[in-house]
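Have a look at the structure below before the remarks.
The values are calculated or read from the model by the stated rules, or taken from the named source; none is laboratory data. None of these values were measured; they are calculated from a predicted model. When we count neighbours, we look across all protein chains shown, and the Cβ atoms used for this are built from the backbone with ideal geometry, even at glycine.
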Ligand code: NAD
Ligand code: AHE
Ligand code: ZN
């Protein structure tokens, strides 16, 4: 069949809207009609050429929602007509990682997914007879895409595609980082670095967990109002303070008889390795946990004095908020449908596929939280 898609032909170039050839689902696969897709900073990271795993030409996009329109042989967990969210972190429930119960990082198809291929080692997309790569196993910037059955989460058919697509990455990553990875408790203090599409969801997760002091840090003053809408209690723009941001945050979080400052939990949602260090060092001596969510550019490394860890801080990271997609994504959609979490206000722009590059421009200018493309 043919499918309209925004194709990344080359790093650093705008996406091009073309008609691709798409092969139907093979055994264990499903064909999904994508109805809506968000644009995440990670799509921008890959398009920029900074992702060591980035492949071209490819169909980017990993934050979608749609309908199963065909199934391959042996598919049992979903059927035609089911509403689904594609999962870049699948959940096979059979691999050693899934069975360990210690991680959400299912390994069933990770090797081929990283090569831009389906589990059988081939691609379903092609253009003028030449293969086009899949991306993060999802390729939601195409009106139709093929997914392994283990990489789709069946969701409430009443949930609107244009908002719940965001659960496919940003919402789950932010809220999950708080609830699944950091396991934040009531009354905690927290600092969130980077108040974009991920950071605001970390704030919303912190509010749900009952955190008391939620400090947001961003270079863009417009983000103050955004953070406050979701429960941020204090805002710091590192450009507007005198001196070092870490010392400033430690001072803000001083409490108890010994007046030792530092937050119980800190989160990097910027992808900047200097910020990651600041986040670790702004966490509390003895028990602070610092969670890396941001994706850093190719070849970048993090560093700190080992003494920071010797004195009880924990540096950790999270992918897809530690969520097990087929199990947790339907629950997060239900939280949204029940009004327990907000999504609508964060979707600042809706675009047609033809205008998808505007979504990247808005992100670069810091004018959007999430842009969503509707098919
Ligand atoms: P975004 O562009 O919407 O937001 C980034 C925010 O960080 C912006 O508000 C920006 O002003 C702020 N910022 C940039 N540099 C800063 C600095 N030095 N100090 C303070 N604030 C700064 O991006 P997003 O979609 O929210 O994604 C954030 C990061 O999370 C990206 O690196 C993305 O690739 C990554 N990500 C990771 C996962 C995961 O599973 N680990 C999932 C989704 C996104
Ligand atoms: N390919 C990049 C790493 C990118 C990365 O860390 N991806 C996250 C999801 S970001 C979603 O917006 C992830 O889930 N990683 C786990 C995995 O198995 O890829 C690189 O730097 O090589
Ligand atoms: Zn993402």
(message) It is to be established whether one or more residues within the stretch 215-228 are more than 13 Å from ligand 1 (Cβ to nearest atom), in contact (Cβ under 8 Å) with a residue 12 or more places away in the chain and not assigned by TED's automatic domain parsing to the domain that holds residue 370.
(response) no
(request) Evaluate the stretch 86-101: report whether one residue or more is touching a residue at least 12 places away in the same chain (Cβ under 8 Å), out of contact with any helix residue (DSSP H, G or I) (no Cβ under 8 Å at 6 or more places or on another chain), away from ligand 3 (no atom under 16 Å from the Cβ) and closer than 20 Å to residue 22 by Cα. (result) no
(message) So if I check each of 206, 200, which one is in the same structural domain as residue 244 (by TED's automatic domain parsing), at pLDDT 95 or above, within 16 Å of ligand 3 (Cβ to nearest atom) and assigned to a helix (DSSP H, G or I)?
(response) 200
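Does the stretch 30-46 contain any residue that is more than 16 Å from ligand 3 (Cβ to nearest atom), surrounded by fewer than 23 Cβ atoms within 10 Å (Cβ to Cβ) and assigned to a loop (DSSP other than H, G, I, E, B)?
no
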(message) Which of the numbered conditions does residue 150 fail, given that it passes all the others? Conditions: (1) in contact with a helix residue (DSSP H, G or I) (Cβ under 6 Å, 6 or more places away or on another chain); (2) part of a helix (DSSP H, G or I); (3) away from ligand 1 (no atom under 16 Å from the Cβ).
(response) (1)
(request) Quickly run through the stretch 44-63 and pick out the residues that are within 11 Å of ligand 2 (Cβ to nearest atom) and out of contact with any helix residue (DSSP H, G or I) (no Cβ under 8 Å at 6 or more places or on another chain). (result) 45, 46, 50, 52, 55
(request) Check whether at least one residue in the stretch 158-179 is touching a strand residue (DSSP E or B) at 6+ places or on another chain (Cβ under 9 Å), away from ligand 1 (no atom under 16 Å from the Cβ) and over 21 Å from residue 369 (Cα atoms), and report yes or no. (result) yes
(request) Report yes if some residue within the stretch 218-241 is crowded, with 24+ Cβ neighbours inside 10 Å and within 16 Å of ligand 2 (Cβ to nearest atom); otherwise report no. (result) no
(message) Could you list, ordered by first residue, the pairs with Cβ atoms under 9 Å in which the first is in the stretch 34-58 and at positive phi and the second is modelled with pLDDT under 95 and near ligand 2 (Cβ under 10 Å from one of its atoms), at least 6 apart or interchain?
(response) 49/298
(request) Having 1 or more residues that are within 21 Å of the chain's Cα centre (by Cα) is the bar; report the strands (runs of 3 or more DSSP E) wholly within the stretch 222-306 that clear it. (result) 265-268, 289-292
(message) Kindly evaluate residue 73 against the criterion of being part of a loop (DSSP other than H, G, I, E, B) and either away from ligand 3 (no atom under 14 Å from the Cβ) or in contact with a strand residue (DSSP E or B) (Cβ under 8 Å, 6 or more places away or on another chain) (or both).
(response) yes
(message) Just to be sure before I move on: is residue 188 surrounded by 24 or more Cβ atoms within 10 Å (Cβ to Cβ) and either within 13 Å of ligand 2 (Cβ to nearest atom) or farther than 22 Å from residue 349 by Cβ (or both) in the structure I sent?
(response) no
(message) Looking at the stretch 158-169, I want the residues that are under 16 Å from residue 68 (Cβ atoms) and have a partner that is assigned to a loop (DSSP other than H, G, I, E, B) with Cβ atoms under 6 Å, at least 6 apart or on another chain. Which pairs are those?
(response) 165/63; 168/63
(request) Report, by residue number, each residue of the stretch 154-180 that is in contact with a helix residue (DSSP H, G or I) (Cβ under 6 Å, 6 or more places away or on another chain) and over 26 Å from residue 192 (Cβ atoms). (result) 155, 156, 159
(request) Tell me which of these residue 21 doesn't satisfy, since it passes every other one: (1) away from ligand 2 (no atom under 16 Å from the Cβ); (2) in contact with a strand residue (DSSP E or B) (Cβ under 7 Å, 6 or more places away or on another chain); (3) assigned to a loop (DSSP other than H, G, I, E, B). (result) (3)
(request) Test residue 146 against the stated conditions and say whether it is in contact (Cβ under 8 Å) with a residue 12 or more places away in the chain and within 16 Å of ligand 3 (Cβ to nearest atom). (result) no
(request) Taking residue 44 as the residue in question, decide whether it is closer than 17 Å to residue 131 by Cβ and modelled with pLDDT of 95 or more. (result) no
(request) Report, by residue number, each residue of the stretch 85-130 that is within 14 Å of ligand 2 (Cβ to nearest atom) and assigned to a helix (DSSP H, G or I). (result) 97, 98, 110, 111, 112, 113, 114
